[in-house]
Amino acid sequence: MRGCFSAILILAAGCATQSTTPPPQYHVVSHIAVGGEGGWDDLSVDNSAHRLYVSHSDRVNVIDLVSGKVIGEIGNTQGVHAIALAPSLRRGFVSDGRTSSVTIFDLDSLQTLSEVKSSGERPDAMVFDPSSSLVFAFNAGSNNATAIDAATGVVKGTIDLGGKPEFARSDRHGMVYVNVEDTSEIVAIDSQALAVVRRWSLAPCQEPSGLALDIAHHRLFSACDNQVMAISDTDAGRVITTVSIGEGVDGAAWDPGSGLAFSSNGRSGTLTVVRENSPTEFSVLANVATSPGARTVALDEGTHHLYLPTARFGPAPAPTADRPHPRPSILPGTFEILDVGP
């Protein structure tokens with residue numbers, strides 16, 4: 001996930017079917033005020049509990065999606081990037097990029113249970129794979145993934161990925177897929193063997209980040225920096241088509257109930273909505289206005305609402321040799337979550 005404005009999604013098996021029903025019209029339904037200071041990266045929805053977990057600098061904000069209120073936080077998660085959830089175990093997992101560790105917390109009390117040292121550097125994206133009961137932390141600083149036993153917190157192995165990992169998804173049947181940003185590839189991991197079993201090019205996609213998965217039809221949606229979404233057949237291991245999306249993407253989601261894929265485009269300030277007309281035919285339905293900086297996204301499968309973090313921005317600091325193109329400053333107290341619904 002790129003920088004401090006980046007999204008883990010919880011995906012479920014579903015069935016997208018061709019329909020003559022008019023597609024839903026999405027818009028910003030509400031703004032959930034969070035406040036505080038610092039940047040953000042990924043976020044994740046616990047569909048069963050209707051809770052949203054949002055990375056925010058050195059903490060995770062927890063939001064009740066029924067009331068739209070912040071109900072707690074998980075603190076001391078230095079350089080937090082992503083949150084993976086294992087509801088069956090009542091546990092959550094946070095990647096702490098600055099300390100190269102993973103924080104394990106209780107989903108009910110939100111109390112920290114333990115901290116596990118990653119076997120790589122700067123863990124970023126995370127995913128829980130229920131078939132193996134392993135959590136995978138994808139290490140952006142060392143081009144590998146750490147597999148952690150979700151029940152015990154014990155590191156079970158390290159997988160070399162051959163490039164910088166971005167978002168990942170589990171098919172819940174033993175395969176984990178991850179976008180590799182600097183080689184523009186998908187890497188497929190056998191979650192039992194802890195080994196890479198396949199990789200394929202995402203061309204013409206460049207620098208993929210956000211990733212979503214249609215489990216029922218074996219389709220991956222890679223959101224790419226050159227304003228395309230590359231759609232892959234996981235059985236064949238190849239890209240079957242692309243569609244155009246907005247600029248500055250870092251997140252993607254798939255809604256099995258509606259048969260729609262989404263990309264959150266932070267520079268454009270839009271959410272691209274893509275319909276799966278059939279497993280081989282896809283079309284862009286809309287580019288919904290969101291807000292600049294809203295570049296990651298999480299989906300509540302029960303309500304079909306999407307959540308995108310952003311804030312208001314001030315002027316960018318002066319360029320330096322180390323940061324020739326600095327990002328605009330984040331205005332304190334303006335951090336919020338956009339609730340986008342049909």
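Of note:
- Any hit, segment 216-230, residues being in contact with a strand residue (DSSP E or B) (Cβ under 9 Å, 6 or more places away or on another chain), closer than 28 Å to residue 156 by Cβ and open to solvent by less than 10 Å² (accessible area, probe 1.4 Å): yes
- Of all residue pairs spaced 6 or more apart or on separate chains, those with beta-carbon atoms under 9 Å, a first member in segment 230-242 that is within 9 Å of residue 280 (Cβ to Cβ) and a second member that is open to solvent by 50 Å² or more (accessible area, probe 1.4 Å) and part of a loop (DSSP other than H, G, I, E, B) are 233/218; 233/280; 240/280; 241/280.
- Any hit, segment 34-45, residues being open to solvent by 40 Å² or more (accessible area, probe 1.4 Å), in a strand (DSSP E or B) and modelled with pLDDT of 95 or more: no
- Residue that is nearest to residue 227 (Cα to Cα), among those in segment 251-262 that are in a strand (DSSP E or B) and out of contact with any Leu (no Cβ under 7 Å at 6 or more places or on another chain): 251
- If you go through segment 294-341 and keep only what is within 12 Å of residue 39 (Cα to Cα), in contact with a Pro (Cβ under 8 Å, 6 or more places away or on another chain), open to solvent by 10 Å² or more (accessible area, probe 1.4 Å) and at pLDDT 90 or above, you end up with 313, 336.
- Hey, residue 95 at pLDDT 95 or above and either buried (at least 24 other Cβ atoms within 10 Å of the Cβ) or part of a loop (DSSP other than H, G, I, E, B) (or both) or not: yes
- Unique residue being out of contact with any His (no Cβ under 6 Å at 6 or more places or on another chain), part of a strand (DSSP E or B) and within 15 Å of residue 128 (Cβ to Cβ) when the list is 102, 60: 102
- Candidates 134, 113, filtered to the one that is closer than 14 Å to residue 93 by Cβ, modelled with pLDDT of 95 or more, surrounded by fewer than 21 Cβ atoms within 10 Å (Cβ to Cβ) and out of contact with any Leu (no Cβ under 7 Å at 6 or more places or on another chain): 113
- Entirely in segment 191-250, the strands (runs of 3 or more DSSP E) that have 2 or more residues that are in contact with a Leu (Cβ under 8 Å, 6 or more places away or on another chain): 208-214, 219-224, 228-233
The values are calculated or read from the model by the stated rules, or taken from the named source; none is laboratory data. Treat the numbers as computed from the prediction; the structure is a model and nothing was measured. Note that we place each Cβ from the backbone using ideal geometry, even for glycine, and neighbour counts take in every protein chain shown. In case anyone asks, the SASA skips ligands and DNA or RNA and just uses the protein heavy atoms, side chains included. Shrake-Rupley method; radii C 1.70, N 1.55, O 1.52, S 1.80 Å.
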